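Take a look at the structure set out below.
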Amino acid sequence: MVEDLFDEEMFEPEPPRRERPPREPRRRRRNPLGGETAERILVAIPWIAFAIAIVVLGGAVFAAAMVGLGLLCLREYFLMTASLRPLRPAAYVAVPAIIAAAYLGAAFNVLLVVTASFALLFVFGARMRPREGVVVAMGVTVLGVAWIGLPLVHAVLLRDLPDHGAALLIDVLVGTFATDTGAYAVGRMFGSHRIAPELSPNKTIEGLVGGFLIGTMAFWFAGLYQDWLSGADALVIGAAIAAIGPVGDLFASMVKRDLGKKDTGRLFGPHGGLLDRLDAVLFTIVVGYYLAVGLVH
């Protein structure tokens, strides 16, 4: 019996169990907008409220807000360009100075301050140690002042236009925001032909056209409630803003790509920094000012 207990059949291996193949996860229908458009709008709402508030208040409050935005943008810019050793103190003095000149004086005063800032640039450049790369450092600093400071100067000049400066500034912001959001939404839904894949691979011709039409009509629609702004003038200004907004966006993308950066900062979390949000405005505000002066005033 003992031999029966140790029969070889008792030690035969069990046949392997067939393992069920893992179930493929159910594929969710992809939302062409991915919810990101709505998220971008939600993130922008507090800043839209902030923009409207400072535009309505105007005066010294608006100028001070432009100084604050300028310093924040400069900080992001200098963090990106730190390896190029920009002359930060010179820019931190120059940008508030030219904004103050725009508020307290006129465009001529801004030109005087910009000219004087080159002497300031020399002072800080001469003190740089080691001095190798001082030309690049000065060039990077001048780019920051021009890219960030001069558009904010035009924002002050536009807000201070008599009678309708505040309304025109809000119209420009509405047109810029509509262009950016419309281009993003249309591009996500229908985009297939890229504009500049080396600079910004997500931007498409379809999005560009959609953003242009939406931005133009948004400015024109805002003008319907302003009897001092003709429909033709609103279409011209709106079209110019919708056309130049993507240029500002691509300009920022070119700078970031050259510096090896995805975003300018983390102020808006996954949506990037302040410069990422203002890249188009820094271009449209300048165009909006000169067209407002030429067509409305």
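See the values below:
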read-out	value
In Å, descending, principal axis extents of the Cα set of the stretch 137-180	41, 27, 6
Listed residue (ALA240, PHE122, VAL209) projecting farthest to the positive dipole end of the chain, Cβ model	PHE122
Extension gain (nm, one decimal) between HIS164 and ASN109, 0.36 nm per residue minus Cα-Cα	17.5 nm
Per residue convex hull volume, Cα atoms of the stretch 180-297, in Å³	109 Å³
Nearest-20 debye value, the chain charge dipole, Cβ charges on Lys, Arg, Asp, Glu	1140 debye
Size of charge dipole - the stretch 188-279 - debye, nearest 20, with Cβ of Lys, Arg +1 and Asp, Glu -1, no other charges	440 debye
Principal-axis tilt of helix 231-259 within the chain, Cα atoms, nearest 10 degrees	60 degrees
Electrostatic dipole magnitude of the stretch 244-296 [Cβ: Lys, Arg +1; Asp, Glu -1; Cα centre; debye, to 20]	180 debye
Sequence ranges 115-123, 280-288, 212-220, ranked by mean other-Cβ count within 10 angstrom, highest first	280-288, 212-220, 115-123
Heavy-atom accessible surface of the chain: percent carbon and sulfur, 1.4 Å	65 percent
The chain: angle of helix 134-144 to the longest principal axis, Cα-based, in degrees nearest 10	90 degrees
VAL135 paired with HIS193, simple spin-label distance in nm, labels 7 Å along Cα-to-beta-carbon	4.2 nm
P(r) weight above 37 Å for the chain, C-alpha pairs, percent	27 percent
Cα long-axis angle, helix 107-126 against the chain (0 to 90 degrees, to the nearest 10)	60 degrees
Cα gyration tensor category, rounded, prolate or oblate, for the stretch 43-112 with a/c compared to 1.5	oblate
Computed label-point distance, nm, for sites LEU295 and VAL209 using a 7 Å Cα→Cβ extension	2.3 nm
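The values are calculated or read from the model by the stated rules, or taken from the named source; none is laboratory data. Worth saying up front: this structure is predicted, and the values here are computed from it rather than measured. So basically every Cβ, Gly included, is an ideal-geometry build from the backbone, and we count neighbours across all protein chains shown. To get the accessible areas, we keep the full protein, side chains included, count just its heavy atoms, and leave off ligands, DNA and RNA. Shrake-Rupley method; radii C 1.70, N 1.55, O 1.52, S 1.80 Å.
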